[in-house]
Structure formats: structure tokens, C-alpha cells
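Taking it in order: structure first as C-alpha cells, then the write-up.
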Amino acid sequence: MKDSAPLKKTLLIPQDDPHQAHRIRRYLIAVGTSLLVLLLMALLNFHGHLQGSAVIYSAGAMFFFFVLYYVLFRSGLNLRMTDPSLTHAQMLSGLSVIAYAMFHATYEGRGMLLYVFLVTFLFGLFRLNSQQLLRLALFAIALYGSVLAALWFLQPENFHLQLELLRWSVAAVVLFWFALMGGYIGRMRKQLSESNTKLEEAVQKIQDLATRDELTEVPNRRYLMDVLRHEAARSARSGAPFCVCIVDIDLFKRINDQLGHHVGDEVLRDFARGVANETRATDFFGRYGGEEFLLILTHTTLAGAEIRAERLRKSATKMKLPGLGADAHLTISIGVAQHAPGASFEETVKRADEALYRAKNSGRNRVEYAPVSAS
């Protein structure tokens with residue numbers, strides 16, 4: 001019994017395609033509106049303003065279109081059409097059904113159904129452009145005119161020519177106004193959509209600037225601190241281990257002094273790009289500051305971090321430094337620390353930094369490890 005509601009939702013509205021789900025929701029709104037119109041027809045029949053057969057045939061036509069459009073949506077055939085939402089087609093169907101009922105209604109009944117005839121246009125105001133709405137307006141005016149012409153020809157004794165022409169003229173003016181205003185709303189909606197897209201792009205750019213290092217294009221210190229804060233909180237909840245590696249490029253000042261800062265910048269970019277490409281999807285790597293980088297190894301103990309750090313150190317030595325001699329290769333020093341339960345992430349970074357200091361004082365091009373804290 002508990003699973004029946006989600007199952008019905010899945011069967012009625014697809015959950016794997018948000019665009020199709022949105023179109024079906026709009027279709028269901030149209031179905032609900034049509035049922036209200038059918039209720040109005042029944043009331044008109046009850047008060048003698050609409051023939052009973054017209055109510056029955058209109059209901060049959062409505063349910064035929066209900067099934068037809070739902071099948072088109074659920075089968076995906078609507079995606080092959082120029083208007084996947086089928087707004088234009090649904091409006092044509094609705095106008096035709098109402099026009100049929102108007103033919104079988106009294107003068108007073110036609111006046112009430114005319115309101116529904118005009119309201120149908122509201123369904124397309126936010127979906128169709130001005131040309132589509134104008135064509136629909138012309139179709140609706142011609143359709144209503146055809147109903148009046150048929151009544152004048154078949155029932156001249158019950159036809160009020162001047163009043164019907166006046167009503168038709170008012171309806172034509174209102175329909176054209178709907179079309180023009182709908183076109184204006186459509187243009188405004190398009191401009192708003194374009195503005196929102198540009199705003200989203202600008203916000204994304206600002207977020208990138210706030211969380212990415214401009215030179216190396218890897219995450220910056222601010223982003224890494226947020227990751228460390230998150231990992232420390234997760235470790236406190238679940239006990240999951242993680243390690244912090246501070247990576248420092250050896251003798252980087254010599255590279256800048258002898259080859260120039262532009263070469264130093266290129267070394268930083270190439271090194272960052274190489275490490276980022278080899279980093280696991282679950283880990284985080286970014287620039288900590290200057291020639292220092294931070295590697296966060298999630299779900300990793302110190303033993304696993306040793307393997308990863310040594311692999312990174314050996315990989316760095318394959319990077320040559322032209323201009324400093326044929327045998328000049330890049331070397332790095334790494335300090336590694338495993339996060340201790342109950343410790344803050346700042347304490348873990350400090351322990352990794354102390355390990356890095358020992359690595360550099362011990363001759364560089366090596367990895368040093370902070371002892372696992374018992375706190």
C-alpha cells in the first residue's frame with residue numbers, strides 16, 4: 001500500500017525526463033480546465049441553453065483528445081514535432097470542441113461559451129510567439145464566424161444578426177489583443193530567459209574565480225579549506241580516515257631567478273595540470289599558495305597515503321627543466337599527515353606542514369610523514 005502512490009506518479013508522469021514531465025503537467029492542467037468546461041456545458045444543458053446531445057458529443061471529443069495527447073507525450077512522438085509541448089494542437093482541439101457546442105447552444109448559451117472560447121487563448125500566451133498566436137486568432141475568428149454563418153443559414157428565425165455580428169466583432173478585437181499581448185509577453189519571456197542565462201553564467205564565473213586559482217586553474221586555498229572542514233566533519237561522524245599532503249616544488253626560487261617568472265608560471269601550470277589529471281575523482285588537489293600545493297586523500301590511511309605520495313614524487317622527477325642543464329629535473333618535497341579523531345583540520349594541516357619542513361631540511365626530493373596522533 002505504501003508503494004502505490006509513488007508507482008502511480010511514475011506511471012502518470014515520467015521521472016526520467018524533466019522536460020516531458022513538465023509538458024505532461026501542463027497537459028494535465030488543460031485536462032482539468034476542460035473538465036470544468038464540460039461541467040459548464042452540463043449546467044447550460046440543465047437550464048435549457050445547450051442541447052443534451054451536444055454535451056455528450058463534446059465530452060466524447062474531449063476524452064478522445066485527452067487520450068490522444070497523452071499517448072503522444074508518453075510515447076515520445078511529440079518530440080518529433082516542431083512544438084513538442086503540443087500547445088498549438090491542444091488549443092485548436094479545444095477551440096473546435098467549444099465551437100461545436102456553441103452551434104447547438106441558445107443565444108444566451110453561446111454568450112457564456114464565448115468566454116471559454118476567449119479564455120482558451122490564455123493557455124498559449126506563455127508558450128507561443130506572436131505569429132503563432134495571430135494565426136490562432138484568425139482561425140478562432142473564422143471558426144466563430146463559420147458557426148454564426150451556419151446558424152444564420154440554418155436557423156434564420158432564431159438568429160439575431162446585428163447582435164451576433166456585434167458579439168463577433170468584440171470577440172475578434174479581444175482575440176487580436178490577446179495575440180498581440182501574447183507576442184509581447186513571449187518576447188519579454190525570451191529576454192528574461194536570456195538574462196537569467198547570462199546571470200547564471202556570471203554567477204558561475206564568480207564562483208570559479210572565488211574557488212579556483214587563476215594561474216594554475218586548479219582549486220585555490222579557500223576551496224581546499226572548505227573541503228578540509230567538510231572532511232573533518234564527516235570523519236567525526238563516520239570515523240572515515242583521510243590524509244593531507246602538502247607538496248612543495250624544490251628550489252622554485254632558482255627557477256624564477258634563472259629562467260624568469262614566465263617560465264616559473266609555466267612550471268606551476270604544467271605541474272598542477274599533471275597532478276590534477278592523475279588525482280582520483282574522490283580526492284582533492286589545489287594550490288595552497290606560492291609553489292605549495294595541497295592534496296587531500298579521502299578514505300585513505302597513512303599507509304595508502306605513503307604509496308600515493310611516493311608515486312607523485314617519482315612522477316614529478318620526469319618533468320625536465322630546460323635552461324638549467326640537460327640533467328635538470330623537477331623535484332618536490334611532500335609532508336603527509338593522517339587526520340586524527342577529535343582533531344581540527346587546522347591541526348592536521350600543521351602536522352603535514354611540519355613533516356614538509358623535515359623533508360626539505362633532510363635534502364629535499366623526499367616524503368616525510370607525521371606520526372599518527374593519538375588524540
(request) Quick one: which residues, 5+ away or cross-chain, put their amide H under 5 Å from the amide H of Y288? H built at 1.01 Å from N. (result) F293, L294
(request) Please find, in a Gaussian network model of the chain (springs between Cα atoms separated by less than 10 Å), the residue of M91, M81, M62 whose mean-square fluctuation is greatest. (result) M81
(message) If amide hydrogens are placed 1.01 Å from N in the peptide plane, which non-local residues have theirs closer than 5 Å to the one on T331?
(response) D250
(request) Per DSSP H run of at least 4 residues, take -39500 (n - 2.57); add these up for the chain, divide by its residues and hand me the 222 nm value, nearest 500 deg cm²/dmol. (result) -22500 deg cm²/dmol
(request) Enter the angle in degrees (range 0 to 90, nearest 10) between the Cα long axis of helix 130-154 and the first principal axis of the Cα atoms of the chain, meaning the one along which they spread out most. (result) 20
(message) How big is the range 110-255 along each principal axis, measuring the range of its Cα positions in Å and listing the largest first?
(response) 103, 41, 16
(request) Any chance you could give the angle, 0 to 90 degrees and rounded to 10, that helix 161-211 forms with the longest Cα principal axis of the chain? (result) 0
(request) Assign unit charges at the C-beta atoms only (+1 for Lys and Arg, -1 for Asp and Glu), then state the dipole size of the chain relative to its Cα centre in Debye, rounded to the nearest 20. (result) 460
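Report the charge-dipole magnitude of the range 1-130 in Debye, nearest 20, computed about the Cα centre from +1 at each Lys and Arg Cβ and -1 at each Asp and Glu Cβ.
On the way: 10 positive and 5 negative charges, 53 e Å.
That gives the range 1-130 a dipole magnitude of about 260 debye.
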(message) I'd like the distance between the alpha-carbon centres of the range 158-182 and the range 194-225, rounded to an integer number of Å.
(response) 55
(message) Could you work out what % of the accessible surface of the chain is carbon and sulfur, using a 1.4 angstrom probe and leaving DNA, RNA and ligands out of the count?
(response) 62
(request) Give me the distance between the Cα centres of the range 311-372 and the range 18-85, rounded to whole Å. (result) 69
(message) Can you divide the C-alpha Rg of the chain by 2.2 N^0.38 Å and report the result to two decimal places?
(response) 1.72
(request) Heads up, I need the accessible area for V203: 1.4 angstrom probe, whole protein in place, Å², nearest 10. (result) 70
(message) For the chain, what does the accessible surface come to per residue with a 1.4 Å probe? Please give it in Å².
(response) 56
(message) Loop by DSSP (not H, G, I, E, B), at most 16 other beta-carbon atoms within 10 Å: where is the longest site-free stretch of the chain for GluC sites (Glu not before Pro)?
(response) 1-213
(request) Would you work out if the range 1-137 is rounded, prolate or oblate? Take a ≥ b ≥ c from the square roots of the eigenvalues of the alpha-carbon gyration tensor; rounded if a/c is under 1.5, else prolate when a/b is larger than b/c, oblate otherwise. (result) oblate
(request) Relative to the longest principal axis of the C-alpha atoms of the chain, give the angle of the C-alpha long axis of helix 221-238, reported between 0 and 90° and rounded to the nearest 10°. (result) 90
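The values are calculated or read from the model by the stated rules, or taken from the named source; none is laboratory data. Predicted, not measured: the structure shown is a model, and the values here were computed from it. For neighbour counting, all protein chains shown are included, and Cβ atoms are generated from backbone atoms with ideal geometry for every residue, glycine included. Ligands, DNA and RNA are excluded from the accessible area calculation, which covers all protein heavy atoms including side chains. Shrake-Rupley method; radii C 1.70, N 1.55, O 1.52, S 1.80 Å.
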